[in-house]
Structures are given as C-alpha cells and as structure tokens.
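The values are calculated or read from the model by the stated rules, or taken from the named source; none is laboratory data. These figures come from a predicted structure and were not determined experimentally. As a convention, Cβ positions derive from the backbone with ideal geometry for all residues, glycine included, and neighbour counts pool all protein chains shown. Quick note on the areas: whole protein, heavy atoms, side chains included, nothing else; ligands and nucleic acids left out. Shrake-Rupley method; radii C 1.70, N 1.55, O 1.52, S 1.80 Å.
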Amino acid sequence: MTSTASVPPPPSGSAPVAVPDTGAQDAAGAGDVLALLHVPDTADAATWLQEQRHALRAAVLEHGAVLVRGLGIEDPAEVGRALRQLGAAPVAETEAFASRQTYGEGVYSSAGWPPNQPMCMHHELSYTTEFPSLLLFACLTPPTAGGATTVADAAAVFDALPAEVTEPFLREGWLLTRTYGNDIGASLTEAFGSDDRDAVERHCRAHAIAYAWRPDGTLHTRQRRSAVLRHPQSGRRCWFNQIAFLNEWTLDPDIREYLVDTYGAEGLPFNTHYGNGAPLDRDTVRLINEVYEAHTVRRPWQAGDLMLVDNLRTAHAREAFQGPRRVVVAMADPLRAADCEPTIEVTLT
C-alpha cells in the first residue's frame with residue numbers, strides 16, 4: 001500500500017498530519033514510494049506549506065514522492081509560490097522533448113502528449129548534464145477518467161532488472177538520438193530556446209551533444225549518458241534514464257509504422273540505443289517497461305493536489321485519460337549528473 005508519512009517536525013509549526021491511506025493502487029511489492037499528507041482544514045494553506053517545508057523535504061527524502069492533499073491550488077502562480085515557500089531554486093527546462101507552456105520561472109504546463117497515449121516511466125531531463133532534482137506536480141483540473149501521475153522507485157527498479165539487461169548500460173551508458181524539424185516533438189526553439197544555428201551549436205558543444213544539420217534543414221543530435229546514477233543522499237544506485245520511454249518500441253505500433261514510413265528509421269523525432277550505438281530490441285524495451293509496471297504506484301488526482309517528487313530517486317509517468325486534465329509541473333534544485341557517480345564519462349559521440 002501507499003504509505004502515510006512519518007516525518008520529523010520542522011523548527012516551527014506543527015508536523016504534517018497523515019490521512020488514512022485509502023484509494024491507492026500499488027503494484028505488489030512497490031513499497032512506500034508515495035506518501036500522502038493532509039493539510040488540516042483549519043490551516044492556511046500557504047502558511048502551512050512554508051512552515052512544513054523541512055518536514056516535507058524530509059518526507060520526500062524518505063519516500064521518494066509525497067502527495068499533499070488539501071492545499072487547494074487553483075492556478076500556476078500558486079505553484080510558483082509553492083516553490084518559493086519550499087525554498088526550492090527554479091530550474092529552466094532545456095532540451096525539451098515535447099512542447100510546454102511557460103507560466104513562470106521553472107513552472108510549466110504538462111508536456112504535450114496525446115491524451116489517449118500513456119506517457120511511460122521516465123525521469124525529467126535525464127538526458128541532460130544538469131537536471132532538476134525536485135519536481136512539483138499540481139492538479140488544477142482532474143480528468144474524468146485515468147490521467148494519474150504514477151511513480152516508481154528507481155533504485156528498486158535497478159535492483160529488479162536482470163543483470164544481463166543492466167550490464168551493457170553500466171559499461172556503455174545509453175544513447176539518445178533526436179531529429180528536430182519534422183513538426184513532431186519539440187521544435188528547435190522549444191528545445192534550445194533559440195532557432196539560431198550558432199546558439200544551438202554552442203549549447204550542443206557545451207553539453208556533449210554531437211550534432212549535424214541535414215540538407216533539408218533538420219537538426220540531428222546524438223548524446224551519450226550514464227544510465228545509472230548514485231543518489232547523493234541515500235547512496236543507492238538509481239536506474240535514471242529515458243531508455244524505454246523514448247525508444248521506438250514503446251511507441252504505439254501504428255504510430256511507429258507511420259513515422260518510419262514517413263521519415264525513415266534515422267529520422268525519428270527521438271530514439272534510444274545502447275551507448276555504443278547498437279539498437280535495442282523489442283524484448284529488452286518490453287522487459288524494462290514490465291519492471292517499471294511491477295513497481296508502479298497510482299493515486300487518482302483530486303483538484304488542488306500537490307505532488308513533490310525526488311526526480312533522481314523516483315520515475316514518473318502519466319496514464320491515458322478522458323475529459324479535461326490540467327496539471328502544472330515545476331522543476332527545481334539543479335543537480336549535475338557528474339556529481340552522482342556516473343558509470344561512464346560523458347563525451348561527444
């Protein structure tokens with residue numbers, strides 16, 4: 001079952017009050033990765049969040065993710081204020097894989113992804129050299145069906161994956177290839193903040209991304225990253241990547257066939273490989289997703305909910321949904337992959 005958190009009180013104010021743990025849907029053996037905390041009815045939500053920031057941070061460290069219910073968050077500006085009340089430093093998104101609306105410093109809409117297609121488990125910006133270590137998800141409008149932001153313990157996933165799957169990635173890392181310019185996925189401006197070639201090339205060189213401009217004007221990139229990082233607080237090794245999520249075999253078969261027929265295997269908007277460039281087979285990708293599913297924790301959104309997620313410790317996903325769904329995400333507290341004991345040296349491929 002999803003747990004109710006037991007956390008130490010902050011220097012001032014009362015400790016968070018845990019509510020009965022009902023309605024959670026956890027995979028067998030998924031553990032206590034998602035804690036549920038309740039804001040007392042008598043509390044002023046903004047004051048409570050600021051007073052409890054130390055306890056909330058402790059709960060995130062203990063569990064990996066915390067769902068706070070009762071804050072009544074209604075608009076993106078309140079999510080930005082929540083970042084400040086928690087003492088978190090905003091992180092600007094770079095190298096986005098899908099379009100977002102920007103609401104404020106570090107505060108964005110959910111990634112543009114078809115409602116009828118699930119968004120598989122991943123870690124935000126795990127393919128960058130510096131990523132947000134803390135994520136905030138706020139539900140402004142819950143969907144009528146589905147649409148939960150699910151979570152999974154990345155350390156437990158790494159431990160559960162067979163050695164024959166993880167060993168090649170430990171040795172070689174993983175490779176992400178992207179093609180910009182086919183009106184699919186993020187545009188150059190959305191990914192790099194500019195469509196100026198010089199600016200894009202400077203970013204690529206500074207972040208160990210190999211790039212090539214194709215005759216039709218599209219940009220093709222390759223970046224090799226460590227698939228496993230060590231958590232700086234817990235010391236546990238985490239399966240930290242988007243190997244399965246951004247791989248062609250995770251796509252809906254009809255969508256994959258259309259993209260390959262239209263743009264060719266080398267023109268897909270994104271794809272993943274072993275670190276040496278070798279292709280991944282369908283069975284390996286399916287096995288990774290199956291292990292994620294075995295460690296997945298689900299809790300339906302309610303309006304006003306706020307979820308805090310340790311982005312290194314905890315993978316997240318989004319279920320397919322029906323009806324309106326408005327979830328805002330904030331990224332905070334930058335962390336360098338080089339400071340988390342990567343298993344490979346990041347260099348241009």
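What is the spin-label model distance, in nm, from GLU290 to VAL260 if the labels are put 7 Å beyond Cα along the C-beta direction?
2.1
In deg cm²/dmol and to the nearest 500, what is the mean residue ellipticity at 222 nm of the chain if only DSSP H runs of at least 4 residues count, each as -39500 (n - 2.57), divided by the residue total?
One gets -7000 deg cm²/dmol as the mean residue ellipticity at 222 nm.
So, with a 1.4 angstrom probe, what is the percent of accessible area on the chain that is carbon and sulfur?
Percent of accessible area from carbon and sulfur atoms in the chain: 49.
To the nearest 20 Debye, how big is the dipole of the chain about its Cα centre, given +1 on the beta carbon of each Lys and Arg and -1 on that of each Asp and Glu?
Result for the chain is approximately 440 debye, rounded to the nearest 20.
Relative contact order for segment 184-262: what is it in percent, counting Cα pairs under 8 Å that are at least 6 residues apart?
About 12 percent, as a whole number.
As an exercise, identify the GluC sites (Glu not before Pro) in segment 285-349 lying in DSSP coil whose Cβ has no more than 13 other Cβ atoms within 10 Å.
When the GluC sites (Glu not before Pro) of segment 285-349 are filtered for loop state and at most 13 Cβ neighbours within 10 Å, GLU345 remain.
Suppose the Debye formula is applied to equal point scatterers at every Cα of segment 43-194; what is log10 I(q)/I(0) at q = 0.12, 0.18, 0.19 Å⁻¹?
Taken in order of the listed q values, log10 I(q)/I(0) reads -0.67, -1.37, -1.46.
Based on the alpha-carbon gyration tensor of segment 209-349 and its eigenvalue square roots a ≥ b ≥ c, which shape applies: rounded if a/c is under 1.5, prolate if not and a/b is larger than b/c, or oblate?
Oblate is the answer for segment 209-349, as a/c is 1.5 or above yet b/c matches or exceeds a/b.
Which percent of the Cα-Cα distances in segment 142-236 go past 22 Å?
53
State the percent of C-alpha pairs, over all pairs in segment 181-292, separated by a distance greater than 23 angstrom.
Looking at segment 181-292, the distances longer than 23 Å represent 40 percent of pairs.
Please compute the per residue accessible area over the chain with all protein chains in place, 1.4 Å probe, rounded to a whole number of Å².
42
Using the Cα gyration tensor of segment 232-283, with a ≥ b ≥ c the square roots of its eigenvalues, what is the shape: rounded (a/c below 1.5), prolate (a/b larger than b/c) or oblate (neither)?
Prolate shape, in that a/c is at least 1.5 and a/b is the bigger ratio.
So for each of 276-287, 253-264 I average, over its residues, the number of other beta carbons within 10 Å; can you give me the resulting order with the highest mean first?
276-287, 253-264
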